[in-house]
Each structure stands twice: as structure tokens, then as C-alpha cells.
Amino acid sequence: MTRRDCLLLLAATSTLPAQENGANALDFLHGIDRYDDLRTMLPEYMKREALALVAARKKSIHVRTLDDLARRRQYVRDHILQSVGGLPERTPLNPKLVGTVEREGYRIEKITFESLPNFHVTANLYIPTAFQPPFPCVLYPLGHEAGAKAHEAWQQTLVTLTRMGCLCLTWDPVGQGERVQIYDPDLGGSKLHGSTTEHTILGIQCLLTGQHIARYTIWDGIRALDYLLSRKEADPERVLCTGNSGGGTHTTYLTALDDRIKVAAPSCFITSWHWMLKTIGPQDAEQVFPNWLSSGLDYPDFIYAAAPKPYIVLSAIRDFFPIDGVRETVAEVRDVYAAIGQSDKFSFFEADDGHGYTQPRRMAAYQWVVRWLKPQGPAPVTETLITPEAIQTLDCTPTGQVLTSLGGETVFTINRAFAQQLSKKRATVTGPASLKPYQERIRRAAIERSGHKPSPKEPPPFTRYGTIQRQGFTIEKFVYDSEPGIQIPALLYMPAAGPSRRPAVVLVDDAGKSASAKTGPQLASTGVAVLALDLRGMGETRPPGEVNASEFYRYFGNFEDAMTAIIMNRTLVEMRARDILRGIDLLASRTDIDASAISGIGRGGAAVPLLYAAVFDARLRALSLEQMLVSYDAVVSTGMHRLIFENIVPGALIDYDLPDLVAAVAPRPVAITDAQSPFGVSLPRAAVEQAYQPAFRAFQAVGAGASLRFHIAIDNYRELLG
């Protein structure tokens, strides 16, 4: 449909009765030539911005000497450690031998140890019995496949390496095998279908406290290496790390951070952000570090953090990790190894198969082991197929689960305790004199943590799409540019009568502007103009892929765009706040709007961006926050959460929570209606009022205690707005 056809359609629908001219007319871009552009607008914008950072790094990277490499290595390590919130202090491992499996030529010891106090790790140690120690060592982090340490491919690799004369240690990652973290006694396992979903539930909780799920998974690996090297059979000068998928991820991390690892062989992880952004996008929480791209980092930097150790990249041509990205990274790294005179230490192997530690990659890994660890077994290596052990045979706990056999801590309980410490340290309002400094601290922290960038002062460009006539008001349709590449569809309900400069409300709803069909006419009939917006990624701008009912989407919503923002040192909540502020700029530029009387109504997932917008800009003189997440603290204090990731700001709980943001807008009136738990359940008023005590103290300090209200009637906006 052409633009002219669209305008003719608008003219026709403008005469229809109200009941026939509902959501379809309000979703006015449906069916026109720009519709698909709006649906793909946000993902394309994110990719374009992220790819610009990738390109900038490519132009600036310069590693040609050992000194260059040393500087780059330190930079990358510092960033990883900063991203994960630092690593814990070493505490006693308290290792226990809980069983032994004897097999021809080797035995398997079943071990438990504590990587943190009362945080139990279940591990299997494969020990050669056909050779004499000391043995070269293999640290074997696991991927996400079912069965964890008992997975068939892992057992095949470990037994073969052991028969070659290597001492091998593998362990269950958090969320897998015997270490399910979100356990359901009725299911006898995780409440969630996939381990990556469990990792990301925990990862989002960790992000809020300024930590990272990889803090725990990396630390498990470092402590596993502590245990491995404590064994008298181990040769500490011959240590290799290898693993596939999630195990390839942690092979990459561990080799970058721990110099006791001398040789690396990650499988099915290394690629490039250039191709990841063009294909599958960011993966689960432990594979993505905040600010990675904005800090000028990419996949090759993981290898530079380990170089010049012997390093082989194992890959699959038909992997979902794009092979073009692997080849791109390999070309860059190979050039650096050549420049420092260490070409023989870097290698690349690709097999024409799919994701997994398949036999071709295993054989390449064995040859790398022979070359650099020089085990006592035969070379060239042959792989004899094994009969895998049953899961129960390799279990280290009587019930097959740490939580039901040993109890102890989980990532959730450790992170929750850390959040409680942060809460005690955060500033509060102690009286009138402390209010303004407190509010300014909260505002500065919200700007910095969310990645807020001030918008231009002039009103945004916009394009009109016609007007619908109604009794007592009109509905103007237009699209404005929030920033280059982001266009916001909007409806303006304009009263026909009233003062020459009318008060106005910005209405944002996670269902989009079509949800204004009731509220818009109600307020317009009382003389209040209503600007209803489709914030980026909502309403008509919601990306098409989100209709998929995958488990990942059901829990995290628009994960890809929200995580892409985080690796660019931005957040989706801040971007949406910007969309709101640009709408206010447009309202304030009109001669028929009173710029001193603009308020906001935010519903569901759009309420948090509205709150941030009010903290950033005092022009929002009153707020109604409906069905909003009650607090960030509730996310880290509740075992499960759903559809809150789009509103997450990494590290927020170090400085503030949502009640602190409400406190920062005092004395402007705020109504909080039907606040939600992290799982989307309405909370009792008493629980909400308790959570908002910091905000209530701020309003009292400025003599405006009555301006913070809870559960105001939905039809009482006029009272709120004055």
C-alpha cells in the first residue's frame, strides 16, 4: 500500500463510529509500506550501533609486539574481572572422596568440594592406572548438554585422554547435573526446561548487584584447578583446558584468567561479534559481559588474554556459532601470533559437522595434547569407543542432587545475601537537609548506570498520518524521530474545548498505544491532551520474532535487544525513557499545550521507563505507575522472575532501587497502583507500602507525604493530575 493509499484509508476510517474504529484504527501503520520497517526497527538499530563499535575496535586494535600483547592481556583481564564483580577470596575446599569406579587402565574418583563456603561442587577425577605419575593435567569444563558430567561425548573424551596418560577433572556446572539451583521437589529437578534459562534467571539477579553469573562458574573452574593441582599425581607444568559449547566458553575464560593453565583447546564457542550480531545475537547470561563492545573488545581479545600460550580453536562449519566469525577471529589472532614470532603455538581446526564435541574435533584435541603435554600414551592417538557410565554411577550425592543431599548455598542465596549488604550501605533520607543531596546522588547514579545520554533540546522531526474526528476531541496520528534510526508511532488525543494551552499526559503501555483507547477519550473529555506512544520494541514496533512461545522468550521477553544494549553500555529501559522525553519535547513545542503541566501514566513494562524519564527530567510533574515491578530488590530476593529483563539496569542495586527513584522525584505526585512481583503477581498494598518506605521518607522530608499514594482508583487520574 502506498503512502497516498494510506492517507485515503485514514480519511475513510475517521468517519467510522467509535466502536468500529478501535485498535485497528489506532494501529494506523498496519498494512502500509513502513510496517515491516517498524517491526524490524529496534533489532536493526541495535545491530547497527553494535556493529559500529565492532568496526571501531577493528580499526584501533594494534598488537604487534610482546609489549603490545602484555598491555592488551592486562586490559582484557581487568575488564573481565570488573564485569563479573571481582573474584572471591580462596576459602578451604573441604574436598571429600565419596566413591570410586574402577575400570581397566583407569579409575574414576567421585569428589565433592566447596568452591565457596557451603557451596558444593560435584566432580569426577579420571586417573590413569597404566602409567606412572606425575601426569599431565586436563581441566574439563562442561557444556550445556543433558547429563552434565555423565554426557556420552564428555565421557568418551575424558576416558580417551586418561588412557593417553592424562589426569582429568570435570565437574557439574551450576544449574546442571547434580547442581540444579532452581530445584522443584515435585519434578525432582529444575523448574525450568533448559539449563541456559536457569543460568539466565540467576544471571539477571547477579547483574542487578553488579556481579555476573560467570563470577560463580569461573570461580568453580579456578577452584577445580586448585583441587586438581593439589593431587600428588599432577604435573603443574603440563596443564591443558578444553571443553565444548559452555565448556568452550569456560575454557576461554579460565585460560584468559589463570596462568596455571598452559595450553587451551576451546570447542564450539570462539567466533566474532561481527557475525554473532548478524546471526544469532547474544546468548545466555554467562556468555555475555556488560560493556564488552563499548570497551573495544571482541572474541579475539579472549585469546590475547591467554597468549602466547599454545591455543587451538576447534570449530564446526554447521554450528550455530557462525563459522564466518570463527574464521574472522582466527585470521586476526593468527596475524598477531605471527607478529610476535609464535606462529607454531596457534592453530585452527574446523569440521564439516554441527555443534558438539564430535569425533573430528576430539581427534584434533588429542593431537594438540600430544604435541604440548607429551603424555605417556601412544601417538598418534586412536579413539576406542566406550560404553558410557550411567548417570547414577558417576553421581557424587545419594539423591543425585546437592540441594537434597548436602543442602548449602546456591547462586541465588549468595547473591541475595550480597544484595542485603548493598541495601544496608545505600544512602537514605534522614531528614529535610539530606533530601536534595540524596536525590542528586540517585539521579547521577541512574544516569550513569542506565547509560543515559541527554537528548537534543529542539523538538524531534515528525511525520503526520492524518486525524480522526471524535465528539469532543480529535486523534492526531504521527511518527517522530526519537534518535536517528528510531521512529516512535504516536497518537495525540486533543480536546476540542478548554483553555488555549491544555494540560497533557504522556501515556505509555507495554501493550502499545492501542491500549489508550479507553483512557485517551476519558481524559480528553475532561480537557487533558493525551500523547500515547509505542516505545521502541512495544506496540507496533515490537520485533516479529517475539511472537515465538519459546521458554527463553516467555521468561525474558526481548532478550536479544536488551542484552545487546548492555554490551554497548546502554540499557533498553534508558532508551525507552529517551523515547518518552522526546515525546515531551514535541508536546512542549506546541502552542496548544501547557509545557508546565505535563504528567505521565505508565503501565506494565512501560512504567519503569516512565519512572526513569521522570528522574532524568523534571518536566514530568506527576506520575501514575500501574502494574509496575515493585522493586529490583524483589528480583534478587525472589527465586524466580519473568519478563523483567527489559527493565534491568546492571549494578543498579549498588546505588539505588526503584523506590529510591520514586524518592528522587519528590515532591512531585506519584501514584503506585497494582505493583507486581517479579513473576507478575499483584502484591498486597501493605507489602508495596513497606517496599516504598524510602520513598515515603523522602516525601515526608519535603512536607509532601500525601503526594505519594498507593492503589489510586484507575478512573481518578484527574485528581492525580490536578
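The values are calculated or read from the model by the stated rules, or taken from the named source; none is laboratory data. Note that the coordinates shown come from a computational prediction; the quantities given were computed from them, not determined experimentally. Neighbour counts run over all protein chains shown; Cβ positions are idealised from the backbone, glycine included. All accessible areas refer to the heavy atoms of the entire protein, side chains included, with ligands and DNA or RNA removed. Shrake-Rupley method; radii C 1.70, N 1.55, O 1.52, S 1.80 Å.
Quick rundown of the values:
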read-out: Residue satisfying condition, being free of Cβ contacts under 8 Å to residues at least 60 places away in the same chain and either open to solvent by less than 80 Å² (accessible area, probe 1.4 Å) or not aliphatic (A, V, I, L, M) (or both), within set Ala419, Ala427; value: Ala427
read-out: From the options Thr279, Thr242, Thr252, residue that is open to solvent by less than 20 Å² (accessible area, probe 1.4 Å), in contact with a Pro (Cβ under 6 Å, 6 or more places away or on another chain) and not charged (D, E, K, R); value: Thr252
read-out: Residue satisfying condition, being touching a strand residue (DSSP E or B) at 6+ places or on another chain (Cβ under 8 Å), open to solvent by 10 Å² or more (accessible area, probe 1.4 Å) and at pLDDT 95 or above, within set Glu233, Glu178, Glu237; value: Glu233
read-out: From Pro694, Pro659, residue being at negative phi, free of Cβ contacts under 8 Å to residues at least 60 places away in the same chain, part of a helix (DSSP H, G or I) and of a type outside the set (D, E, K, R); value: Pro659
read-out: All positions within region 406-415 that are in contact with a helix residue (DSSP H, G or I) (Cβ under 8 Å, 6 or more places away or on another chain) and surrounded by fewer than 18 Cβ atoms within 10 Å (Cβ to Cβ); value: Gly408
read-out: Pick from region 600-623, criterion part of a loop (DSSP other than H, G, I, E, B) and touching a helix residue (DSSP H, G or I) at 6+ places or on another chain (Cβ under 8 Å), ranking: least open to solvent (accessible area, probe 1.4 Å); value: Asp617
read-out: Residue under evaluation Arg443, criteria (1) assigned to a loop (DSSP other than H, G, I, E, B); (2) surrounded by fewer than 20 Cβ atoms within 10 Å (Cβ to Cβ), criterion not met; value: (1)
read-out: Positions within region 165-185 being farther than 17 Å from Gly243 by Cβ and more than 29 Å from the chain's Cα centre (by Cα), in sequence order; value: Gly165
read-out: Residue within region 128-136 that is among the β-branched types (Val, Ile, Thr) and surrounded by 24 or more Cβ atoms within 10 Å (Cβ to Cβ) present; value: no
read-out: Residue within region 453-465 that is crowded, with 16+ Cβ neighbours inside 10 Å and farther than 30 Å from Met568 by Cα present; value: yes
read-out: Test for Thr384: is it under 22 Å from Arg103 (Cα atoms), in a loop (DSSP other than H, G, I, E, B) and modelled with pLDDT under 95; value: yes
read-out: Flag if Arg238 is farther than 24 Å from Gly165 by Cα and basic (Lys, Arg); value: no
read-out: Residue in region 104-123 that is buried (at least 18 other Cβ atoms within 10 Å of the Cβ), assigned to a loop (DSSP other than H, G, I, E, B) and under 34 Å from the mean Cα position of the chain (by Cα) present; value: no
read-out: In region 624-648, the residues that are closer than 21 Å to Arg576 by Cβ, in a helix (DSSP H, G or I) and open to solvent by less than 20 Å² (accessible area, probe 1.4 Å); value: Tyr632, Ala634, Val635, Phe645, Asn647
read-out: Where a residue in region 40-61 is within 23 Å of Phe559 (Cα to Cα) and open to solvent by 50 Å² or more (accessible area, probe 1.4 Å) and its partner, wherever it lies, is basic (Lys, Arg) and assigned to a helix (DSSP H, G or I), with Cβ under 8 Å and at least six apart; value: Lys47/Lys278
read-out: Helices (runs of 4 or more DSSP H) wholly inside region 508-599 that include at least 3 residues being over 26 Å from Ala497 (Cα atoms); value: 551-556, 559-567, 572-588
read-out: Some residue of region 633-649 being within 18 Å of Glu574 (Cβ to Cβ), touching a residue at least 24 places away in the same chain (Cβ under 8 Å) and out of contact with any Gly (no Cβ under 9 Å at 6 or more places or on another chain); value: yes
read-out: Residues of region 152-174 classified as open to solvent by 10 Å² or more (accessible area, probe 1.4 Å) and either assigned to a loop (DSSP other than H, G, I, E, B) or small (Gly, Ala, Ser) (or both), total; value: 2
read-out: Selection status of Asp37, among the charged types (D, E, K, R), surrounded by fewer than 18 Cβ atoms within 10 Å (Cβ to Cβ), assigned to a helix (DSSP H, G or I) and modelled with pLDDT of 95 or more; value: no
read-out: Glu350 touching a helix residue (DSSP H, G or I) at 6+ places or on another chain (Cβ under 7 Å), modelled with pLDDT of 95 or more and assigned to a helix (DSSP H, G or I); value: no
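For every residue, the table says whether it meets (1) in a strand (DSSP E or B); (2) closer than 23 Å to Ile201 by Cα.
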| residue | (1), (2) |
| --- | --- |
| Tyr253 | no, yes |
| Asp259 | no, no |
| Ala264 | yes, no |
| Met276 | no, yes |
| Pro290 | no, yes |
| Phe302 | no, no |
